Amino acid sequence: MLLGQYGAPTHTIAHLSDPHLLAGGAPLHGAVDTVAHLERAVTMLRHLDPLPQALVFTGDLADLGEPDAYRRLRSIVEPAAAAIGAEVIWVMGNHDEREPYAAELFGEQPTSAPQDRVHDLDGLRIVSLDTTVRGYHHGALDSSQLDWLRGVLATPAPHGTVIAVHHPPVPVPLMPAMAMLELFDQGALADVVRGTDVRAILGGHLHYSTHSTFAGIPVSVAAATCYTMALATPDRLISGVDANQAISMVHVYDDRIVHTAVPLVDQPETSSFPASARSRIEAMTPEERTEAFSRKDSTFNRGAE
Ligand SMILES: [Fe+2]
Ligand SMILES: [Fe+2]
């Protein structure tokens, strides 16, 4: 039942990024248990209401592009997705390699061709766009990819389009060094997406959550599941920390999209309200709810309950 003015979203997507798995489940940088962090992320999904219909992973799936890392990724993600009936949508990142990505995740012949794919999520089109450059960490899209994307977007989708990329087309004011590894020639992409049915761009790569716009389109970057960036470190150019891992939830409404960062870490709880109270709240009239929970001197807000 509605407790406010908005109905249910038309589509719910979990946006995860940068698991950076290694073969054998080896710790990243000798220290980060990327497998445990990813398992915690996908386990958390089943507690979300509404459940996500799709899990979109915006790249850097494997840290070194090793086949075993992709197999390990599937063995962790696919059962969790199946348990909640969610589709899995992969995106290439600069740490991935096209050949094992195509072979291990899609069962296709190994290929060096761009890994661009289109998914239909109940009328919401999700474009997985490969911004990687062989042998480099920065991003780029070649003219054939831009032509392909222009052709895809020529026909609007019933609920519009979400583009999922690894390199987000946004400034990085808190981590200027990352600008060297950004998506090059962003103007060419802007020319393709401007004025189309693209409603959001999902990105990764930065290992911290940030939001902006690109050619008038909202951009949401999910933090990483492996490690994240400390952003207030005056004596460091870049500082990765085994903390603050998070995913993002994407709730699509008819007239807008809501992006919410959901941290993975279990911190000590300082206040709570039991889920069992929901039925009691739903039994009240809207006026009773306002008096009980909005009114500053209500029994509830005086802390007597
Ligand atoms: Fe990454
Ligand atoms: Fe990256």
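The residue that is nearest to the chain's Cα centre (by Cα), among those in the stretch 36-65 that are farther than 19 Å from ALA82 by Cβ and within 16 Å of ligand 1 (Cβ to nearest atom), is THR58. When restricted to residues that are surrounded by 14 or more Cβ atoms within 10 Å (Cβ to Cβ), over 25 Å from HIS251 (Cβ atoms) and either of a type in the set (Lys, Arg) or more than 16 Å from ligand 1 (Cβ to nearest atom) (or both), the stretch 114-148 contains 8.
Residue under question is THR260, and the condition is that it be in contact with a strand residue (DSSP E or B) (Cβ under 7 Å, 6 or more places away or on another chain) and not in a helix (DSSP H, G or I); does it hold? Yes.
Looking across the stretch 42-86, the residues that are touching a Pro at 6+ places or on another chain (Cβ under 9 Å) and part of a strand (DSSP E or B) come down to PHE57, THR58, ALA62. Scanning the stretch 205-238 for residues that are of a type in the set (S, T, N, Q) and either modelled with pLDDT of 95 or more or within 16 Å of ligand 2 (Cβ to nearest atom) (or both) turns up SER209, THR210, SER212, THR213, SER220, THR225, THR228. Within the stretch 109-131, residues that are small (Gly, Ala, Ser) have Cβ atoms under 6 Å from residues that are open to solvent by 10 Å² or more (accessible area, probe 1.4 Å) and in a loop (DSSP other than H, G, I, E, B) in these pairs: GLY123/PRO158; GLY123/HIS159, counting only partners at least 6 apart in sequence or on another chain. Checking the stated criteria, LEU73 turns out to be open to solvent by less than 20 Å² (accessible area, probe 1.4 Å), at pLDDT 95 or above, within 16 Å of ligand 1 (Cβ to nearest atom) and of a type outside the set (Gly, Ala, Ser). If you go through the stretch 190-211 and pick out every residue that is out of contact with any Phe, Trp or Tyr (no Cβ under 8 Å at 6 or more places or on another chain) and in a helix (DSSP H, G or I), you end up with 2. Only one of the numbered conditions (1) closer than 22 Å to LEU21 by Cβ; (2) loosely packed, with under 12 Cβ neighbours inside 10 Å; (3) among the hydrophobic types (A, V, I, L, M, F, W, C) is not met by PHE273, and that is (1). In the stretch 150-173, the condition of being surrounded by fewer than 22 Cβ atoms within 10 Å (Cβ to Cβ), closer than 19 Å to ASN94 by Cβ and within 14 Å of ligand 1 (Cβ to nearest atom) is met by at least one residue.
Within the set VAL133, VAL170, VAL162, the sole residue that is under 27 Å from GLU99 (Cα atoms) and touching a strand residue (DSSP E or B) at 6+ places or on another chain (Cβ under 6 Å) turns out to be VAL162. Taking the conditions (1) closer than 23 Å to VAL250 by Cβ; (2) crowded, with 22+ Cβ neighbours inside 10 Å; (3) acidic (Asp, Glu); (4) away from ligand 1 (no atom under 16 Å from the Cβ) in turn, GLU104 satisfies each one other than (1). Looking only at the stretch 153-187, filter to residues that are touching a residue at least 60 places away in the same chain (Cβ under 8 Å) and within 16 Å of ligand 2 (Cβ to nearest atom); which one of those is farthest from SER143 (Cα to Cα)? The qualifying residue farthest from SER143 (Cα to Cα) is MET175.
The values are calculated or read from the model by the stated rules, or taken from the named source; none is laboratory data. Worth saying up front: this structure is predicted, and the values here are computed from it rather than measured. Glycine also receives a Cβ, built like all others from the backbone with ideal geometry; neighbour counts cover every protein chain displayed. Areas reflect the complete protein model, heavy atoms only, side chains present, ligands, DNA and RNA absent. Shrake-Rupley method; radii C 1.70, N 1.55, O 1.52, S 1.80 Å.
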